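The values are calculated or read from the model by the stated rules, or taken from the named source; none is laboratory data. Here the structure is a predicted model, which means the values were calculated and not measured. As a convention, Cβ positions derive from the backbone with ideal geometry for all residues, glycine included, and neighbour counts pool all protein chains shown.
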Amino acid sequence: MSGHARTATAVSTLGGIPRVDRAGDADQFFVLPGGSGKGGPQPGAQLGGRRRLSRYLWALRMLDLGIVVAAVVLAQLIRFGFESATVSANEPIASGLSYTLLSAALVVGWVGLLHLHGAYDGRLSGHGVQEYRAVVKASGWLFGALAVVGYAAGLDIARGYVLVAFPVGTLLLLLGHWRARRWLVQRRARGEHSDRVLIVGDRAHAPDLVAALCRTPAAGLDVVGLCSDDVDDGELSGVPVLGTEADVLVQAMAQQVDVVAVSSSAGLGAAGLRRLGWALEGTGIDLVVAPGILEVAGPRVMTRPIRGLPLLHVEAPCISGPRRVAKAVLDRVGSLLLLLVLSPLLAVLAFAVWREDRGPVLFRQVRVGQDGRPFTMLKLRTMITDAEQRLPTLMAANEGAGPLFKLREDPRVTRAGKWLRRYSLDELPQLVNVLRGEMSLVGPRPPLPREVAEYDLQARRRLLVQPGMTGLWQISGRSDLSWSESVRLDLYYVENWTPLLDLMILWRTARVVAGSEAGAY
């Protein structure tokens, strides 16, 4: 929708005074288009992000339709070949139902449930696990309903048919969404297929919202400006300040934004926020409100309306109980299988380390684990044998942030060590630590005792769970991360852990390591 069209939709004129249609007394709070707002459309602004995203979502629907059709056809062919077959029924009313008709019904139901569970919600595309969760839920509901209907109607549906259609279809749908998401993320990294966002907030809190949106381009929220009452003309956190909070309407129209994001610190108040929502009706512009709680994932937040007042219930982090037991089992089984599969590679790497200088193959170092308990972490040695003794002479050249010691060109690293570090192969012996129960496959970075001694109360929350071989820090920049960013990512993991998050981190870790992405040294 063009800026002119939006203005025409939202504004009418009465006696020469611009008014907002259906917005009640919104003009008591906001400058309206044609008023005293600052600036005009940004030159060279990329428009049409919503239209392009709509085309992407339409293509994704067609992809899913093709996958679902292929899955049920494959199931029918594998189970019955090219012969026509009917479903066995114990009730006369259900007799004569062909598998071809059943397959057609499954296709319609599967695609319909994908829609109902939000698999094509553009707000979820490109970032987070909600899109994948929607696919799994839709598939589970479909075949759960099939089982219930089949039992109620006395249908004896062939198990081979179901055992092919359900897992194959679900897996292919997940792979299809993953591949489509990669394409979308690549386009969004170039500034395409993204919503234009106008931020509303004060100097103290708006930068946090700006930083959260800007560091996640995959979410498709491109910040184009800020309206604030306590920031002068210029920029804040690299974002141009376009006016005050009263100018948000005129700037939303002038900048042709898709989303107005209001920080919890905005001075609009409950009445102003309500009137802003009224004013944006019919414009095609979404209103997003960022609550004051940060780093809390969606599954921990539940909205409960009480007489029109939306209360946000925030569940406490779940770091114990059955889920912790399940994580421990997954760690032990996964580490054992990986050790068996990777044992030939470990033997070759161990020989390469020994051949370098005939020194010990393994490097043992005391690290701090869950609840502050120390343990001996294993790694393939990547430095000279007296590396620890030479550390004090290099402290002045430390490039690490906070209590971390990092040196991009560390003279203690051997030739074989540089290659091992580039691909993170030196960390493979930590599978033994996982098997012992000292570490997890996924978790916060295992710290040194001297680092823990410098932790503040916030950083100490990293010790609530077992440290991991990989984590959000591993897939988000590794050694290039600042200390505050490293702590933020680890705390997010501690507060919002789920099995699906672990699987996504493991998958992305494999991609990062295989691509030897920058940040490991």
Out of the residues in region 273-332 meeting the condition of being acidic (Asp, Glu) and over 19 Å from Arg133 (Cβ atoms), tell me which one is modelled with the highest pLDDT.
Asp331
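One line per residue, one yes/no per condition, for (1) touching a helix residue (DSSP H, G or I) at 6+ places or on another chain (Cβ under 7 Å); (2) in contact (Cβ under 8 Å) with a residue 40 or more places away in the chain; (3) not hydrophobic (A, V, I, L, M, F, W, C):
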residue: Ala75; (1), (2), (3): yes, yes, no
residue: Phe80; (1), (2), (3): yes, yes, no
residue: Leu113; (1), (2), (3): yes, no, no
residue: Gly144; (1), (2), (3): no, no, yes
residue: Ala153; (1), (2), (3): yes, yes, no
Expected single match for small (Gly, Ala, Ser) and in contact with a helix residue (DSSP H, G or I) (Cβ under 7 Å, 6 or more places away or on another chain) among Gly128, Gly109 is Gly109
Only one of these is under 21 Å from Trp507 (Cα atoms) and among the charged types (D, E, K, R): Arg181, Arg203, Arg196, Arg159. Name it.
Arg181
Taking Ser139 and the conditions (1) over 23 Å from Asp64 (Cα atoms); (2) touching a Phe, Trp or Tyr at 6+ places or on another chain (Cβ under 7 Å), which numbered condition does it fall short on, given that it satisfies the others?
(1)
Would you check if Pro207 is closer than 29 Å to Val135 by Cα, crowded, with 16+ Cβ neighbours inside 10 Å, at pLDDT below 85 and not assigned by TED's automatic domain parsing to the domain that holds Arg133?
no
Scan region 163-175 for residues that are more than 17 Å from the chain's Cα centre (by Cα) and surrounded by fewer than 17 Cβ atoms within 10 Å (Cβ to Cβ) and report the count.
3
Picking from Ser194, Ser228, the residue that is in contact with a helix residue (DSSP H, G or I) (Cβ under 8 Å, 6 or more places away or on another chain), crowded, with 24+ Cβ neighbours inside 10 Å and over 27 Å from Ser476 (Cα atoms) would be Ser228
Strands (runs of 3 or more DSSP E) enclosed by region 198-258 - at least 1 residues per element that are closer than 29 Å to Ser54 by Cα and among the charged types (D, E, K, R):
221-227
Do we have Val185 as in the same structural domain as Met62 (by TED's automatic domain parsing), in contact with a Gly (Cβ under 6 Å, 6 or more places away or on another chain) and crowded, with 17+ Cβ neighbours inside 10 Å here?
yes
Test: residue in region 142-156 that is surrounded by fewer than 19 Cβ atoms within 10 Å (Cβ to Cβ), within 30 Å of Tyr493 (Cα to Cα) and small (Gly, Ala, Ser):
no
Selection within region 149-163 - under 14 Å from Ala105 (Cβ atoms) and not aromatic (Phe, Trp, Tyr):
Val149, Gly150, Ala153, Leu155, Ile157, Val162
What are the residues in region 125-141 that are buried (at least 19 other Cβ atoms within 10 Å of the Cβ) and assigned to a loop (DSSP other than H, G, I, E, B), if any?
Ser125, Gly126
Restricting attention to region 149-176, report how many residues are assigned to a helix (DSSP H, G or I) and in contact with a strand residue (DSSP E or B) (Cβ under 8 Å, 6 or more places away or on another chain).
3
Would you say Arg179 is surrounded by fewer than 17 Cβ atoms within 10 Å (Cβ to Cβ), in a loop (DSSP other than H, G, I, E, B) and either without any contact (Cβ under 8 Å) to a residue 24 or more places away in the chain or assigned by TED's automatic domain parsing to the domain that holds Val262 (or both)?
no
What number of residues in region 228-257 are within 16 Å of Gly277 (Cα to Cα) and in contact with a Ser or Thr (Cβ under 7 Å, 6 or more places away or on another chain)?
2
